[in-house]
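Each remark here refers to the structure printed beneath this line.
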Amino acid sequence: MTHPTTLARPAPPEPGDRAVRPSRPSRSSRAARSLPSAAITALGVFAAARLAGLLVLAGTAWATGRHPVALLARSWDSNWYLGIAAHGYGRTLYFHPTVIHSDLAFFPLYPALVRAVTTLTPLTGGSAGLLVSWTAAAAAACGVYAIGARLHGRAVGTALVLLWGLLPHSVVLSMAYTEPVLTAFAAWSLYAVLDGRWLWAGSLAALAGLARPNGFAVAAAVLVAAAHEICRSRGKVSHRVWTGAALAPVGWTGYVLWVGHREGDWLRGYFQVQRLWGSRFDLGKGSLHLVKRLLLHGDRFVFPMTMVIVAAAVLLYLLLIADRAPLPLLVHSGILLLIAVGGSGFFESKPRFLLPAFPLLLPLARALVRTARARPWHATLVVGALAGLSFVYGAYLVVIAHTPL
């Protein structure tokens with residue numbers, strides 16, 4: 001498979017749209033003039049989906065005598081991030097000589113944003129965390145829409161946002177977690193690459209690298225796209241390409257080296273912290289062992305569901321390749337999928353790790369739009385089924401499962 005360019009051409013006008021005058025190949029500014037209003041519509045669709053999911057979660061929480069806001073703001077990793085925001089780094093829990101949980105495993109951007117909100121407003125840590133996450137989720141939804149609309153038109157962009165908001169683990173997008181922040185920077189960085197805005201792409205990728213350990217997938221996408229562009233042009237490119245490529249890995253690399261310095265080993269310190277949490281990359285050996293145990297002996301509902309979601313993600317990536325998606329999207333999604341499949345530890349969290357891999361949903365979004373135009377009721381039933389699964393499973397994960405997200 002070859003990619004003539006890393007820059008994606010704007011989608012042709014949809015049926016019923018007014019003709020769009022030709023634009024310069026490296027910019028989609030004229031074609032994107034309708035983006036704000038259409039993006040607001042897509043954002044409204046996303047907000048409606050997540051609000052409905054929150055209402056189901058709230059009803060489930062109240063029925064079990066628990067408070068929904070407390071569950072959303074202070075569940076699992078949220079407590080670690082809010083602790084860093086309030087007190088800085090330095091918390092370590094010792095369970096066993098080979099099981100030591102240090103807060104250095106958590107990247108700094110999200111707690112820094114929470115700290116800024118609590119400093120500038122009267123909000124408490126949990127409320128500030130939710131505000132940051134919900135704002136980032138909205139920004140991410142706009143970025144997801146922008147990419148879908150640029151590649152395949154506004155209808156596909158809206159469908160892409162809707163499907164992203166109805167993923168089985170989309171409840172995480174409403175919690176005090178880092179996936180909305182990472183996805184927001186990832187989506188707009190990838191959009192900047194497709195639009196040829198390399199300085200923006202590199203800067204946003206650097207921020208994505210400060211959000212989560214798998215945030216380096218965004219930097220990798222920018223670097224590969226820049227390398228492709230340089231090779232295609234035989235080195236005759238703007239300095240912005242080189243600068244954007246240089247900026248992209250700064251955030252992730254900087255934090256990893258800082259943790260290494262604190263741990264007394266610049267190159268291996270951060271990865272040792274992760275190993276003591278039980279997280280490591282072993283080419284899927286640990287995951288295969290767990291899958292074998294599940295198949296032979298069975299286990300809680302969350303684990304088989306995780307197997308199905310990860311298997312579906314692999315299939316969707318193959319479809320994304322078959323659709324000849326732009327190279328940056330393939331690299332970004334491919335690395336996130338590789339980390340999820342090949343990483344060991346916290347098996348039940350793998351679907352959450354795949355939330356920023358929204359390009360995997362592009363083939364489904366295109367199919368949904370085709371179905372909606374040919375058989376609207378069929379598309380309605382599909383969306384309704386996905387919504388039911390997302391809302392019920394999300395409430396189950398947060399309120400009932402007692403399984404780390």
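The values are calculated or read from the model by the stated rules, or taken from the named source; none is laboratory data. All values derive from a computational prediction rather than experimental measurement. All Cβ positions, glycine included, derive from the backbone under ideal geometry; neighbour counts span all protein chains shown. Just the protein is used for accessible areas: all its heavy atoms, side chains included, with ligands, DNA and RNA removed. Shrake-Rupley method; radii C 1.70, N 1.55, O 1.52, S 1.80 Å.
Quick look at the numbers
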read-out: Size of electric dipole in the range 63-176: Cβ of Lys, Arg +1 and of Asp, Glu -1, about Cα centre, debye, nearest 20; value: 160 debye
read-out: Spacing of the two label points (7 Å from each Cα toward its C-beta) at residue 227 and residue 319, in nm; value: 2.9 nm
read-out: The chain, accessible surface, carbon-and-sulfur percent (1.4 angstrom probe); value: 67 percent
read-out: Euclidean distance between Cα centres, the range 68-95 to the range 341-362, Å; value: 22 Å
read-out: Environment charge at residue 330 (Cβ cut-off 14 Å; Lys +1, Arg +1, Asp -1, Glu -1); value: 0
read-out: Amide N proximity, the range 326-353 versus residue 101 label position 7 Å along Cα-to-Cβ, cut-off under 15 Å; value: 345-349
read-out: Accessible surface, per residue, of the chain when the full set of protein chains is kept, probe 1.4 Å, Å²; value: 46 Å²
read-out: Rounded FRET efficiency, nearest 0.05, which uses the C-beta distance separating residue 93 from residue 66 and R0 of 25 Å; value: 0.55
read-out: Net charge, residue 319 excluded, C-beta distance under 15 Å - Lys, Arg +1, Asp, Glu -1; value: +2
read-out: Surrounding net charge for residue 382, when Lys and Arg each add one and Asp and Glu each subtract one, Cβ distance under 15 Å; value: +4
read-out: For the range 295-381: relative contact order, % (alpha-carbon pairs under 8 angstrom, 6 or more apart); value: 32 percent
read-out: The range 378-383 - phi-based ³J(HN,Hα) in whole Hz, Karplus 6.51/-1.76/1.60, Gly and Pro as x; value: 4, 5, 4, 5, 4, 4
read-out: Kirkwood hydrodynamic radius of the range 84-173, Cα pairs, Å; value: 15.6 Å
read-out: Solvent accessible area, Å² - residue 199, 1.4 Å probe, full protein context; value: 70 Å²
read-out: The range 149-220: relative contact order in percent, alpha carbon pairs under 8 Å with at least 6 residues between; value: 22 percent
read-out: Signed unit charges on C-beta, dipole axis of the chain, positive-most listed residue 214, 123, 404; value: 214
read-out: Neighbour-limited loop hits for trypsin sites (Lys or Arg not before Pro), the range 316-394 (at most 15 other Cβ within 10 Å; DSSP other than H, G, I, E, B); value: 324
